[in-house]
1. Among strands (runs of 3 or more DSSP E) lying entirely in the stretch 9-108, which contain 1 or more residues that are without any contact (Cβ under 8 Å) to a residue 40 or more places away in the chain?
2. Would you check if L5 is closer than 15 Å to M115 by Cα and either modelled with pLDDT of 85 or more or assigned to a loop (DSSP other than H, G, I, E, B) (or both)?
3. Filter the stretch 25-42 for residues that are in contact with a strand residue (DSSP E or B) (Cβ under 6 Å, 6 or more places away or on another chain), of a type outside the set (G, A, S) and within 16 Å of I62 (Cα to Cα); which is surrounded by the most Cβ atoms within 10 Å (Cβ to Cβ)?
4. Could you check how many residues of the stretch 18-52 are acidic (D, E) and within 17 Å of Q104 (Cα to Cα)?
5. Could you list, in sequence order, all residues of the stretch 31-72 that are more than 22 Å from L99 (Cβ to Cβ) and of a type in the set (S, T, Y)?
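The values are calculated or read from the model by the stated rules, or taken from the named source; none is laboratory data. As the structure is a prediction and not an experimental result, all values here were calculated from the model. Counting neighbours? That spans all protein chains shown, and the Cβs are built from the backbone with ideal geometry, glycine included.
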Amino acid sequence: MSRILPGDENTLLHTHPYNFNIHLRRLFLGKKIQNHIPFDTALEMEPCMAPGQALPQKMTLIGIISHQGTKDHGHYVAITNRGNEWTSYNDAITAQTTLTHLHQSQAYILIYRKM
């Protein structure tokens with residue numbers, strides 16, 4: 001997550017957020033990026049902090065939103081965490097899921113919370 005790629009935007013934080021949402025760009029030149037983008041379930045905030053600011057904090061992943069389908073057709077699916085259980089919300093279907101399934105998803109938004 002520390003590599004800077006063309007088109008990346010960087011912002012340094014002065015205070016630690018309680019919740020931290022990361023939006024992954026899934027469209028490039030009008031096409032949806034279908035491949036998996038790896039992400040961690042724990043996030044160290046030190047690289048995101050402005051120099052001399054608050055002590056580093058860790059964030060933990062509490063949910064993701066993924067998009068299934070093409071850029072023109074499809075729908076969003078949410079996966080949330082409570083304790084050690086991950087739950088998938090896909091329209092009217094709610095089901096327990098695994099960390100392995102979570103890490104294979106095409107995450108669109110990552111939602112972290114301060115530990």
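1. Details: elements: 19-23, 42-44, 58-69, 74-82, 85-90, 93-97.
Output list reads 42-44, 58-69, 74-82, 85-90, 93-97.
2. On the way: closer than 15 Å to M115 by Cα: no; either modelled with pLDDT of 85 or more or assigned to a loop (DSSP other than H, G, I, E, B) (or both): yes.
Against the criterion (closer than 15 Å to M115 by Cα and either modelled with pLDDT of 85 or more or assigned to a loop (DSSP other than H, G, I, E, B) (or both)), L5 does not qualify.
3. From the stretch 25-42, those in contact with a strand residue (DSSP E or B) (Cβ under 6 Å, 6 or more places away or on another chain) are 26, 39, 41-42; that's our starting set.
With the extra rule that they be of a type outside the set (G, A, S), the set shrinks to 26, 39, 41.
Among the residues that remain, those that are also within 16 Å of I62 (Cα to Cα) are: 39, 41.
Working: F39: 17, T41: 15.
Only one residue fits best here, namely F39.
4. Pass one, the stretch 18-52, residues acidic (D, E): 40, 44, 46.
Still in the list and also within 17 Å of Q104 (Cα to Cα): 40.
Here the count works out to 1.
5. Pass one, the stretch 31-72, residues more than 22 Å from L99 (Cβ to Cβ): 31-33, 46-57, 69-72.
Matches in the stretch 31-72: T70 only.
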